[in-house]
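Visitor: Got a structure here, written out as structure tokens. Questions coming.
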Amino acid sequence: MSNHDYASQQLSKVLSRIHNACTEANRESHSVRLIGASKRQTPDLIRAFYDCGLKHTGENYLQEALDKQAELTDTRLEWHFIGQIQSNKTKLIANHFAWIHGIDRLKIARRIVQHNEREQQPKLLVQINIDDEDSKAGVAYSEAPDLCAQIANLDGAQLVGFMLIPKAQTDSHAQRATFAKARELLSLTNQRHGLGMNELSMGMSNDVESAIAEGSTMVRVGTDLFGARQ
Ligand SMILES: *Cc1c(COP(=O)(O)O)cnc(C)c1O
């Protein structure tokens, strides 16, 4: 099968999952963005998905992402940084991504805002360590509201919402309980600090439906979209 036929088939499959989950939840399909989580996928394959209609791509590793961007400059792909952010990389990240999902400290947010040289500030999402796992990045649940208030106070910062990577669970009730907790934390944070965050970056290959049922606005799908990683 050509890359193009493969991309077309895979994209339809994932888009219909999103569509069905939205219908089930009484939501409009266009209220959920599909981000192709494209780490370790080739630029050619990403291009085939773009040609079939994929608009957003998410990358975890800065150098890998910059190499791909250089090969895909003629596209209008919107690039999301979804990996961990090292503070010595903030300048490149600020200037090469429209969306930055892994903010977990004030210092990182401040550096991004200061280093941005483009007209538009990148949109920032605070990563929440929703299951309080030692192995995962992200701000602790209880510290999220204050961190958001501090970031929102930075001159020019565009804080738009939360991102999370829950621990793997197969039971959809358990998945939904975790996503609901993030949705409630977002509204609590907005209320407490008078913020207007409205993005929830949650849901991956195995839990897209549960995430959408609980208000996800961006699902980051890798394996079920592109196939196994190289
Ligand atoms: C790899 C990755 C994904 C996609 O995971 P799949 O299970 O392959 O869909 C989503 N989000 C982040 C942050 C990732 O690193």
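Visitor: Within the range 116-124, can one find any residue that is in contact (Cβ under 8 Å) with a residue 24 or more places away in the chain, within 24 Å of Lys181 (Cβ to Cβ) and under 19 Å from the mean Cα position of the chain (by Cα)?
Guide: Within the range 116-124, one or more residues are in contact (Cβ under 8 Å) with a residue 24 or more places away in the chain, within 24 Å of Lys181 (Cβ to Cβ) and under 19 Å from the mean Cα position of the chain (by Cα).
Visitor: Can you tell me which residues in the range 176-208 are more than 19 Å from Val219 (Cβ to Cβ) and crowded, with 18+ Cβ neighbours inside 10 Å?
Guide: If the condition is that a residue be more than 19 Å from Val219 (Cβ to Cβ) and crowded, with 18+ Cβ neighbours inside 10 Å, then Thr189, Leu195 are the ones that fit.
Visitor: Residues that are away from the ligand (no atom under 11 Å from the Cβ) and in contact (Cβ under 8 Å) with a residue 60 or more places away in the chain, at least 3 per element: which helices (runs of 4 or more DSSP H) completely within the range 145-230 meet that?
Guide: Answer list for the range 145-230: 208-213.
Visitor: Something else about it: If a residue must be assigned to a loop (DSSP other than H, G, I, E, B) and surrounded by 17 or more Cβ atoms within 10 Å (Cβ to Cβ), how many such residues does the range 1-19 contain?
Guide: 0
Visitor: For the range 50-59, which residues satisfy the criterion of being touching a Phe, Trp or Tyr at 6+ places or on another chain (Cβ under 9 Å) and touching a residue at least 24 places away in the same chain (Cβ under 8 Å)?
Guide: Answer for the range 50-59, where residues must be touching a Phe, Trp or Tyr at 6+ places or on another chain (Cβ under 9 Å) and touching a residue at least 24 places away in the same chain (Cβ under 8 Å): His56, Gly58, Glu59.
Visitor: Being within 14 Å of the ligand (Cβ to nearest atom), touching a helix residue (DSSP H, G or I) at 6+ places or on another chain (Cβ under 9 Å) and part of a helix (DSSP H, G or I) is the requirement here; does Ala48 meet it?
Guide: Judged against the criteria, Ala48 is not a match.
Visitor: If you don't mind, another one. Being open to solvent by 90 Å² or more (accessible area, probe 1.4 Å), under 27 Å from Phe97 (Cα atoms) and more than 16 Å from the ligand (Cβ to nearest atom) is the filter here, so list the residues in the range 20-40 that pass it.
Guide: Within the range 20-40, Glu28, His30 qualify.
Visitor: Hey, can you tell me all the residues within the range 41-88 that are of a type in the set (Asp, Glu), within 19 Å of the chain's Cα centre (by Cα) and either farther than 23 Å from Thr217 by Cα or open to solvent by 30 Å² or more (accessible area, probe 1.4 Å) (or both)?
Guide: Across the range 41-88, the qualifying residues are Glu64, Glu78.
Visitor: Is it the case that the range 132-145 has a residue that's at positive phi and surrounded by 15 or more Cβ atoms within 10 Å (Cβ to Cβ)?
Guide: The answer is yes, given that some residue of the range 132-145 is at positive phi and surrounded by 15 or more Cβ atoms within 10 Å (Cβ to Cβ).
Visitor: Being among the aromatic types (Phe, Trp, Tyr) and within 20 Å of Gln120 (Cα to Cα), is that true of even one residue in the range 44-52?
Guide: No: zero hits.
The values are calculated or read from the model by the stated rules, or taken from the named source; none is laboratory data. From a predicted model like this one, the values you see are computed outputs, not experimental measurements. Cβ atoms come from the backbone with ideal geometry, glycine included; neighbour counts cover every protein chain shown. These accessible areas exclude ligands, DNA and RNA; they are computed on the full protein's heavy atoms, side chains included. Shrake-Rupley method; radii C 1.70, N 1.55, O 1.52, S 1.80 Å.
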